[in-house]
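The values are calculated or read from the model by the stated rules, or taken from the named source; none is laboratory data. Note that the structure is predicted; figures quoted are calculated from it, not measured. Neighbour counts run over all protein chains shown; Cβ positions are idealised from the backbone, glycine included. We work out accessible area using only protein heavy atoms, side chains counted, and drop any ligands, DNA or RNA first. Shrake-Rupley method; radii C 1.70, N 1.55, O 1.52, S 1.80 Å.
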Amino acid sequence: MGLLPLYFFFLFLSVSSGEFSSQVGVNYGQLGNNLPSPKQSVKLIQSLGAKRVKIYDANHDILNALKGTNLQVCIMVPNEIINNISTSQKLADSWVETNVVPFYSTTKIRYLLVGNEVISGSPKDIWPNIVPAMRKIKKSLKTHGLDKIKVSTSMAMDVLESSFPPSNGTFRSDIADSIVRPLLQFLHRTKSFYFLDVYPYFAWVMDPKNINLEYALFESRTIKYTDPLSNLTYTNLFDQMVDSVVFAMKRLGYPDIRIWIAETGWPNAGDIDQIGANIYNAATYNRNVVKKLTAKPPIGTPARPGWVIPSLIFALYNENQKPGPGTERHFGLLYPNGTNIYGIDLSGKTPDSCFEPLPKPDNNEPYKGKIWCVAAKGVNETALSSALSYACSQGNKTCDPIQPGKKCFKPDSLFWHASYAFSSYWSQSRKTGATCYFNGLATQTAKDPSKY
């Protein structure tokens with residue numbers, strides 16, 4: 001008789017924990033000059049049904065705004081101080097004492113990431129110092145009795161050497177033993193998570209002929225892929241990508257480390273030449289991934305059926321100061337004025353039928369016309385002049401036609417000259433990764449600038 005209540009107690013504990021862990025949160029980026037205050041932003045986060053929030057630093061205004069809320073919080077040690085922290089316990093202690101200790105009693109800081117996609121975007125000299133910095137941060141947290149805070153770092157899919165089929169998932173040979181293995185050892189020892197940024201949009205856009213869009217959006221009812229080695233069957237691209245990391249970890253001897261989706265999402269707009277970036281696809285993907293991640297009982301993935309996958313959607317706002325292609329500035333669930341770009345409920349409880357109809361997508365196929373890169377209207381002229389000088393200094397006779405006496409020279413026309421230089425430079429360099437951005441001074445257009 002005594003075993004029966006105990007059994008139900010553990011069953012209840014397991015189910016309750018699973019329900020709690022399956023709640024979805026949102027990434028709160030701050031790379032915009034027109035965003036609401038932290039207090040307003042926290043209210044908006046709650047209105048979206050989010051239960052977690054991740055910030056990309058330890059912004060004190062935001063942490064204060066989160067006081068007294070029930071939102072679980074993930075903060076971050078910036079990439080640029082990882083090297084210093086990795087060699088100084090004193091500096092790690094100071095960072096924790098400044099950015100965690102004063103807030104912990106009233107703000108639910110539960111996760112701390114040491115760096116954001118360090119392998120993808122930071123100098124190689126930082127890479128070996130990620131785990132040493134994590135160890136020192138963890139030691140400092142323990143010293144202050146904050147053991148419950150899980151320490152990790154976030155990784156993008158580019159840490160894999162192979163991801164297809166999923167069972168062939170393998171970490172890159174240049175980082176597998178020197179960086180990833182120590183990371184997995186740390187996560188295993190501390191019972192932490194592998195924080196993964198997974199974007200089916202980028203995988204699809206690189207190969208739209210062979211990857212079906214509906215498969216990437218969780219919309220396909222007929223397309224299935226069976227991994228020839230594992231015999232696992234996949235019905236969406238998200239699961240394939242996550243399981244490729246599962247198999248990669250297993251290959252290094254760590255088959256059971258839990259995965260946390262640190263970022264996932266789909267852009268609601270982008271540049272003219274960026275296919276599939278539209279409100280319809282963004283709403284469809286995010287609504288579907290939320291349904292999957294909040295399902296009860298948990299769905300997991302083919303390699304880990306029934307596993308809870310904690311997650312955070314990227315991002316709260318469209319951020320107008322993010323560099324790179326147009327999609328980078330259009331991953332938000334909200335416009336900077338706080339209004340919804342499309343209806344979504346991160347709790348997963350609201351049926352799609354309750355939301356307003358979505359606009360039909362018009363850019364799911366490559367744009368076939370010509371595109372120019374021109375100066376954006378209303379930008380600072382001093383900055384525009386500097387950008388013009390930069391574009392002209394890159395060689396390849398980029399600006400020869402706009403020199404005095406040449407056919408495209410227009411006296412006293414900074415806007416025209418900058419537009420010519422931007423288009424010339426971009427057309428020559430876009431294949432090597434150049435974007436039509438120029439620190440926010442340029443934009444794409446399908447209208448021939450010589451006609452207006």
Please give the length that would be gained between ILE223 and THR143 if that part of the chain were fully extended, namely 0.36 nm times their separation in residues minus their C-alpha to C-alpha distance (nm, one decimal).
-> 23.6 nm
Lysines within cross-link reach of LYS377: Cα-Cα under 17 Å, excluding same-chain residues under 8 positions apart?
-> LYS447, LYS451
Quick one: Karplus J couplings for region 250-267, per residue in order, coefficients 6.51, -1.76, 1.60, θ = phi - 60°, nearest Hz, x for Gly and Pro?
-> 4, 4, 8, x, 10, x, 10, 5, 6, 9, 10, 7, 6, 8, 7, x, 8, x
Expressed in square angstrom to the nearest 10, the accessible area of ARG181 with a 1.4 Å probe stands at 70
Name the long-range amide H neighbours of VAL24: under 5 Å, sequence gap of 5 or more, or other chain; modelled H, no Pro or chain starts.
-> LYS51
Solution diffusion estimate, µm²/s, Stokes-Einstein, the chain, Kirkwood Rh from C-alpha pairs, 37 °C, viscosity 0.692 mPa s = 137
Solvent accessible area, Å² - LYS150, 1.4 Å probe, full protein context | 50
Which ³J(HN,Hα) values in Hz, rounded to whole numbers, follow from the phi angles of region 441-447 under the Karplus curve 6.51 cos²θ - 1.76 cosθ + 1.60, where θ = phi - 60° and Gly and Pro get x?
-> 8, 10, 8, 7, 8, 9, 9
Too long for a 32 Å Cα-Cα cut-off, among LYS51/LYS124; LYS108/LYS322; LYS54/LYS292; LYS67/LYS124, are LYS51/LYS124; LYS67/LYS124
Vicinal HN-Hα couplings computed from phi for region 373-387 (Karplus, 6.51 cos²θ - 1.76 cosθ + 1.60; Hz; Gly/Pro x) = 10, 10, 5, 6, 6, x, 7, 5, 5, 5, 5, 5, 5, 5, 5
With a sphere of radius 15 Å drawn around the Cβ of LEU31, what net charge do the other residues whose Cβ falls strictly inside it have (Lys, Arg +1; Asp, Glu -1)?
-> -2
Point-to-point label distance, LYS43-THR87, nm (Cα→Cβ direction, 7 Å offset) = 4.8
5 angstrom amide H check on PHE195, placed H, neighbours 5+ away = THR153, MET155, TRP260
Roughly speaking, what is the centre-to-centre gap between region 249-283 and region 301-354 when only Cα atoms are used, to the nearest Å?
-> 10
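How much of the pair distance distribution for region 300-399 lies past 25 Å, counting alpha-carbon pairs only, in percent?
Numbers: 2530 of 4950 pairs.
The share of Cα pairs beyond 25 Å in region 300-399 comes to 51 percent.
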In the neighbourhood of PHE218 defined by beta carbon distances under 14 Å, the net charge of the other residues (Lys, Arg +1; Asp, Glu -1) is +1
Relative contact order for the chain: what is it in percent, counting Cα pairs under 8 Å that are at least 6 residues apart?
-> 15
State in Å² the accessible area per residue of region 24-354; use a 1.4 Å probe, count heavy atoms of protein chains only, and round to the nearest integer.
-> 40
Kindly provide the helix-only [θ] at 222 nm of the chain, computed as the sum of -39,500 (n - 2.57) over DSSP H runs of four or more divided by all residues, to the nearest 500 deg cm²/dmol?
-> -10000 deg cm²/dmol
In debye, nearest 20, what is the charge dipole magnitude of the chain about its Cα centre with +1 on Lys and Arg Cβ and -1 on Asp and Glu Cβ, if you could check?
-> 580
